[in-house]
Amino acid sequence: MLERRNQIIHIKPWEENDLELLFQINSPEMTRHLGGPENKEQILKRHQRYLELCNSSMGCMFSIVLLPELESVGSIGYWQTSWKNEDVYEMGWSVLPSHQGKGIATIAAKLMIEEASAHAKYKYIHAFPSIDNPASNAICRKLDFEFISECEFEYPQGSFMRCNNWRFKLNSGK
């Protein structure tokens with residue numbers, strides 16, 4: 001937990017009751033850099049993957065919660081992937097529009113990196129924000145991620161977009 005302007009920001013592993021948050025995140029405004037909203041069936045499958053991820057050794061999804069209100073304001077997570085023939089963690093985040101621009105995603109990312117470092121199997125965690133997403137790229141800069149390059153990234157499956165490849169060295173990775 002970290003405090004920002006009398007609000008405590010906490011991340012908690014994804015739970016069954018976070019489904020409503022996932023539907024809120026699935027708006028056109030929130031997914032414009034990610035290929036657009038998913039249908040209900042896709043959201044339900046994503047929710048199930050998020051629930052299962054924390055029970056695996058492959059990563060974890062979290063909801064971002066403001067205390068003391070216990071208000072869920074976004075999601076953040078990391079998962080195992082392969083990038084350029086190297087096993088790494090990838091991370092991503094979403095903060096609801098009414099809470100954007102307040103530093104919440106940056107603090108949540110810092111907390112999540114600490115969590116990933118404590119369980120790290122890999123040396124690096126990567127973030128791939130769209131080149132057209134200045135806020136997410138700014139988070140990577142603020143947290144001292146190393147800019148690697150622009151790249152073509154497939155997300156969602158079958159759709160390619162231009163992204164920035166940012167990399168952060170985890171404390172306890174291989």
Quiz item: Given 0.36 nm per residue, what is the gain on full extension from residue 143 to residue 23 after removing their alpha carbon distance, in nm?
Solution: 40.4 nm
Quiz item: Among 58, 112, 161, which comes first, then next, by fewest other beta-carbon atoms within 10 Å?
Solution: 58, 161, 112
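Mean residue ellipticity at 222 nm from the helices of the chain, using -39,500 (n - 2.57) per DSSP H segment of n ≥ 4 over the full residue count, to the nearest 500 deg cm²/dmol? Before the final figure, lay out each step's value.
Numbers: 5 runs with 50 residues, N = 174.
Dividing the helical sum by the residues of the chain leaves -8500 deg cm²/dmol.
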Quiz item: Counting Lys and Arg as +1 and Asp and Glu as -1, each charge on the Cβ, what is the dipole of the stretch 54-174 about the Cα centre in debye, to the nearest 20?
Solution: 300
Self-check item: Spin-label model distance (nm) - residue 15 vs residue 154, 7 Å beyond Cα toward Cβ
Solution: 3.6
Self-check item: Sequence of 56, 27 once ranked by neighbouring C-beta atoms within 10 Å, starting from the fewest
Solution: 56, 27
Practice problem: Step through the residues of the stretch 82-89 one at a time and calculate ³J(HN,Hα) from phi using the Karplus curve (6.51 cos²θ - 1.76 cosθ + 1.60, θ = phi - 60°), rounding each to whole Hz and writing x for Gly and Pro. | Solution: 10, 10, 6, 6, 10, 6, 9, 9
Exercise. Would you list, by chain and number, the lysines whose Cα falls below 16 Å from the Cα of residue 12, excluding same-chain residues fewer than 8 positions away?
Key: 110
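Where does each of 43, 76 land when they are ranked from fewest to most other beta-carbon atoms within 10 angstrom? Could you put the intermediate results ahead of the total?
On the way: 43 16, 76 23.
Ranking 43, 76 by Cβ neighbours within 10 Å, fewest first, gives 43, 76.
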Practice problem: Measure out, as a whole number of angstrom, how far apart the alpha-carbon centroids of the stretch 32-52 and the stretch 93-155 sit. | Solution: 19
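According to the Kirkwood expression over distinct Cα-Cα pairs, how big is the hydrodynamic radius of the stretch 26-75, in Å? Present the calculation step by step, with values, prior to reporting the outcome.
On the way: mean 1/r = 0.0799 Å⁻¹.
Computed over Cα pairs of the stretch 26-75, the Kirkwood hydrodynamic radius comes out at 12.5 Å.
Read-outs: derived from the displayed coordinates by stated rules, not from any lab. Please read these numbers as outputs of a predicted model, since none were measured by experiment. Glycine gets a Cβ as well: all are built from the backbone with ideal geometry, and neighbour counts include every protein chain shown.
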